[in-house]
Protein chains: 2
Amino acid sequence: MSGVQQIVLASRPHGTPDASHFRVEEVTLPALVEDEVRVKGWYYSVDPYMRGRMSDAKSYVPPYQIGAPINGGVIGKVIESRSEALQAGDVVLGTLPWATEAVVPAKALRKLDVEGVPAHYYLGVLGMPGLTAYVGLMDIGQPKAGETVVVSGASGAVGLVVGQIAKIQGCRVVGIAGSDEKVRLLKDYGFDEGINYKTTPDLNAALKAACPEGVDVYFDNVGGDISDAVLQQINTFGRVPLCGQIALYNADAVPMGPRLQPLLLKRSVLMQGFIVSNYQHRFPEAMQHLTGWVKEGRIQFTETIVAGFEQLPTAFLGLFSGKNQGKMIVEANV
Amino acid sequence: MSGVQQIVLASRPHGTPDASHFRVEEVTLPALVEDEVRVKGWYYSVDPYMRGRMSDAKSYVPPYQIGAPINGGVIGKVIESRSEALQAGDVVLGTLPWATEAVVPAKALRKLDVEGVPAHYYLGVLGMPGLTAYVGLMDIGQPKAGETVVVSGASGAVGLVVGQIAKIQGCRVVGIAGSDEKVRLLKDYGFDEGINYKTTPDLNAALKAACPEGVDVYFDNVGGDISDAVLQQINTFGRVPLCGQIALYNADAVPMGPRLQPLLLKRSVLMQGFIVSNYQHRFPEAMQHLTGWVKEGRIQFTETIVAGFEQLPTAFLGLFSGKNQGKMIVEANV
């Protein structure tokens, strides 16, 4: 089984990463031992958090090693098995290397039920982004009917689900995104208002107009100037789930901005950083709701699917220039 | 009853206030009507939050009006009563004007039980500062035995109580204050470590040494550079009750600093602004514990008592240059 390709971290980026930080290698995988399976990669998730792992700063996930494969959420098909738990043809999800094939213990994989649900949804609305949206909004944001929820990065994988869950909770929902096309997508998905931050002449004024009763929940996917503007409109007892700060991930120096604490203090605001993997106790409820809402058509989901394993670095880099609508996925031939 | 003096807001400060923003006036009070009492001021509370009320910015308490008396927490003695609820000689607490006497409805006052407790404690450890320390630490900070709690403004009215409650909870407690004398006070009151931020050559290094296992709870009374340094040491799942930002209250422009959200996100930190008056449902439990701890000698309390009604502006202004140890109070002759 020669000819397996993998993509490794060639060097650590300072500032914005580019193609030179990745390298494609050909490797030969070992034969299976007891309880292992061979998986052919099908759908590969590319996510903003991976930027953090390319640096060696201490974070909540260990850094990638130079010369070792990038890894992340991957859906694959079992093509050979020495485990009783899985058989050839099974569709599985796991944290796997960016490689065309991988040999792993069966217990590291979760078999997916793909009856009536496209497999790649398990990287999106029924996967990490959907669960992130659910626990961040419901557990930290705690939206109440009639409140106003603002979400930045609204047309991304997490943002789209946040907005639709907030609508289901009876909220007014305002999304911020980076193109007119993305704003149209928000409207299609039931957001009350969409703001294109790149073309709005005055983001503060646009937010005021879109949120006449202020902002009760700000689901923050981006950070930076956009978040500064939204926080100006935060109401007393507002809640701010911090989910992502993509505007700052490529910053090399510590980014500076207006000090937040006086505002949070005056308005009794809660701000909470969170990592979805710390909310596993909430996943059963979240999956039950998300699956139900998807099947009922109450949550729609957009994906940007890029064809070709070798496109993984390009697709990942595209996240930082807003190339995706909804979840960005790379599909390999299986 | 002529000759009543009151202190009014002469003009609104921009930046640091000074004596020129206050003016002493003589007024004549009206005769009592049914259900009113005449109160002679005894102990007057001066508090950092009053700075906010001198400006006309929107906040959680309404601004003082130019030409009208400053008001705040005052303990007084009833000297004349047309109410059945109170009689001459009663010691009462209320939000009263900075005046040597006041005529108010009896129902605006709370009669104090001063058996075995100095009356002025009701402006400190058994008053707003003590309650603030209790709900901020216990409800937001949620300290667990063995955790490390850092408190800034540690020798102030709130900070001293925070540190002692944290010790009662079994925590390691590190206080930050602005003089060697204040740091000695912290040690006297059972803090494990005290740091004089004005003389420490490297605050980051001092904090690292004082908090070898990082910081689980940071009770923030000051904001600014000191808080930046503490937050560098915050642990995953850390909690940051935002109680005060005295370092920034006199800032005229929006203060800038390092953006916090990436740090809060990476470490799953909760930051929560709070105002004690929103926790009234917690006061009975808090008062029961605080009173018990004071009577058992488990909580000690320091006050800086300045003599003379006319010293009110000077005492208030002294808060911003660290003139107080513990609660700052002005005592008038009664």
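If R0 is 51 Å, what FRET efficiency do you get for A:Asn333 and B:Glu213 from their C-beta distance, rounded to 0.05?
0.50
In peptide A:238-244, how many Cβ atoms from other protein chains are near each Cβ within 10 Å, on average?
Taking the mean over all residues of the peptide, I get 3.
Distances over 21 Å make up what percent of all Cα-Cα pairs in the stretch B:219-310?
Beyond 21 Å sits 55 percent of the P(r) for the stretch B:219-310.
At 1.4 Å probe size, with the rest of the protein present, what percent of the exposed accessible area of the protein assembly as shown is carbon and sulfur atoms?
Carbon with sulfur: 49 percent of the solvent-accessible area.
Go ahead and estimate [θ] at 222 nm for chain B from helices alone: -39,500 (n - 2.57) per DSSP H run with n ≥ 4, summed, over the residue count, rounded to 500.
That comes out to -6500 deg cm²/dmol.
Where only protein heavy atoms count, and the probe is 1.4 Å, what is the accessible area per residue for the stretch B:17-99 in Å²?
On a per-residue basis, 47 Å².
I want to make sure I understand the PRE zone here: with the label point 7 angstrom from the Cα of B:Thr16 toward its beta carbon, which residues in the stretch B:202-238 have backbone N atoms less than 20 Å away?
Inside the label zone: B:222-227.
Considering the dipole of chain B built from charges on the beta carbon (Lys and Arg +1, Asp and Glu -1) around the Cα centre, which of B:Gln65, B:Ser81, B:Pro13 is farthest to its positive end?
B:Pro13
State the antiparallel share, in %, of DSSP beta bridges confined to the protein assembly as shown, rounding to the nearest 5.
Once the DSSP bridges in the protein assembly as shown are tallied, antiparallel ones form about 55 percent.
Using alpha-carbon pairs under 8 Å, 6+ residues apart, how would you state the relative contact order of the stretch A:55-129 in percent?
After rounding, I find 25 percent.
Rg(Cα) of chain A divided by 2.2 N^0.38 Å?
Working it through for chain A, the quotient is 1.02.
How large is ³J(HN,Hα) for each residue in the stretch A:185-200, as worked out from phi by the Karplus curve 6.51 cos²θ - 1.76 cosθ + 1.60 (θ = phi - 60°), to whole Hz, x for Gly and Pro?
Ordered by residue, 3J(HN,Hα) equals 4, 4, 4, 4, 8, x, 4, 6, 9, x, 10, 8, 5, 7, 10, 5 Hz.
Would you kindly derive the ³J(HN,Hα) couplings of the stretch B:14-31 from the backbone phi angles with the Karplus curve 6.51 cos²θ - 1.76 cosθ + 1.60 (θ = phi - 60°), listing them in order in whole Hz, with x for Gly and Pro?
10, x, 6, x, 9, 4, 5, 7, 10, 9, 8, 10, 10, 9, 10, 8, x, 5
Given N residues in the protein assembly as shown, what is its alpha carbon radius of gyration divided by 2.2 N^0.38 Å?
1.14
How would you rank B:327-333, A:79-85, B:205-211, highest first, on the average number of other Cβ atoms within 10 Å across their residues?
B:327-333, B:205-211, A:79-85
Determine the total buried accessible area between chain A and chain B, counting protein heavy atoms only with a 1.4 Å probe; round to the nearest 100 Å².
Using a 1.4 Å probe, the pair buries roughly 3000 Å².
List the residues whose amide H sits under 5 Å from the amide H of A:Thr304, counting only those 5 or more places along or on another chain, with H placed 1.01 Å from N in the peptide plane.
A:Gln325, A:Lys327, A:Met328, A:Ile329
Of the options A:Ala229, A:Ala332, A:Phe301, report the single residue whose Cα projects farthest towards the positive end of the charge dipole of the stretch A:225-334 (beta-carbon charges: Lys, Arg +1; Asp, Glu -1).
A:Ala229
How much area per residue is accessible in the stretch B:101-200 when the probe is 1.4 Å and only protein heavy atoms are counted (Å²)?
It amounts to 35 Å² per residue over the stretch B:101-200.
Could you work out how far the C-alpha centroid of the stretch A:69-142 sits from that of the stretch B:181-204, in angstrom?
52 Å
Calculate the spin-label point distance for A:Phe283 paired with B:Glu285, positioning each point 7 Å from the Cα along the beta-carbon direction, and give it in nanometres.
Output for this residue pair reads 3.3 nm.
To the nearest 20 debye, what charge dipole does chain B have about its Cα centre, counting +1 at the Cβ of each Lys and Arg and -1 at the Cβ of each Asp and Glu?
640 debye
Using the crude model of +1 on Lys and Arg Cβ and -1 on Asp and Glu Cβ, and no other charge, please compute the dipole size for the stretch A:108-224 relative to its Cα centre, in debye to 20.
My answer is approximately 160 debye.
Leaving out same-chain residues fewer than 8 places away, which lysines sit with a Cα under 28 Å from that of A:Lys327?
Candidates past the 8-residue exclusion: A:Lys40, A:Lys58, A:Lys77, A:Lys107, A:Lys111, A:Lys144, A:Lys167, A:Lys182, A:Lys187, A:Lys198, A:Lys295, B:Lys266.
The values are calculated or read from the model by the stated rules, or taken from the named source; none is laboratory data. Fair warning: this is a prediction, and the values are worked out from it, not measured in the lab. Note: ideal-geometry Cβ built from the backbone for every residue, glycine included; neighbour counts use all protein chains shown. Surface accessibility is based on the protein's heavy atoms, side chains included, excluding ligands, DNA and RNA. Shrake-Rupley method; radii C 1.70, N 1.55, O 1.52, S 1.80 Å.
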